[in-house]
1. Two-decimal Rg/Rh of the chain from alpha-carbon positions, Kirkwood Rh?
2. Comparing G62, G115, G134, which has the greatest mean-square fluctuation in the GNM of the chain with Cα pairs linked when under 10 Å apart?
3. What does the accessible area of L60 come to, in Å² to the nearest 10, when a probe of 1.4 Å is used?
4. Would you check the accessible area of T2, probe 1.4 Å, heavy atoms only, in square angstrom rounded to 10?
5. What's the longest uninterrupted piece of the chain once you rule out the trypsin sites (Lys or Arg not before Pro) that are loop residues per DSSP with at most 13 other Cβ within 10 Å?
6. Which of V121, V77, V130 moves most in a GNM of the chain, Cα contacts under 10 Å?
7. Using the Karplus curve 6.51 cos²θ - 1.76 cosθ + 1.60 with θ = phi - 60°, what ³J(HN,Hα) values do you get for each residue of segment 26-43, in whole Hz, with x for Gly and Pro?
8. Treat every Asp and Glu Cβ in segment 13-154 as -1 and every Lys and Arg Cβ as +1, leave all other atoms uncharged, and give the resulting dipole magnitude about the Cα centre to the nearest 20 debye.
Amino acid sequence: MTAELLAELTAQEERLRFRRFDNDTAIDLGVHLLAAARAASLPVTISVRRGQQRLFHAALPGTSADNDAWLDRKSRVVDRYGHSSFHVGTSFRSRGKTFEADSRLDQDLYAAHGGVFPVIVEDVGMVGTVGVSGLPQAEDHAFVVRTLEEFLGS
């Protein structure tokens, strides 16, 4: 099952790519995520970044500063590995390891839990991250993927 999940996560990253990504795109994406989270009454914090610059940030009721810290930790994993935070954690588990024990990274700075996805531009590569924090990790990841599918399809 882990190998199948890893293949699915890889396919998502190959499929969910932007033609271009600038400040306006980031804000539009953030607003789209915010509207979807509000419509579902989800207690999430949302972050859209290009490089190290946070271009969109919103925290809905039911969240706290802890969610900001989770987003930062998950975003560092995506920046370092070039894959979604859920993909990285799943990859470690598929090899019978854990990110926490085997990555040799400071757990106060890095978290391979679902919810942050790479912003990949066609013919360019990864330029940033989009993510949420506030739900169980698989739900954080699924919400981001579902919302990216809607946004990129429009």
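1. 0.94
2. Maximum fluctuation in the GNM of the chain, among the listed residues, is at G62.
3. My reading of the accessible area for L60 is about 20 Å².
4. Ignoring ligands and nucleic acids, T2 comes out at about 60 Å².
5. Longest gap between qualifying sites, sites excluded: 21-94.
6. In the Gaussian network model the winner is V121.
7. 4, 5, 4, 5, x, 5, 5, 4, 4, 4, 5, 5, 5, 4, 9, 6, 8, x
8. For segment 13-154, the charge dipole is close to 200 debye.
The values are calculated or read from the model by the stated rules, or taken from the named source; none is laboratory data. From a predicted model like this one, the values you see are computed outputs, not experimental measurements. Note: ideal-geometry Cβ built from the backbone for every residue, glycine included; neighbour counts use all protein chains shown. Ligands, DNA and RNA are stripped out before the accessible areas are found, and what is left, the full protein with its side chains, is counted by its heavy atoms. Shrake-Rupley method; radii C 1.70, N 1.55, O 1.52, S 1.80 Å.
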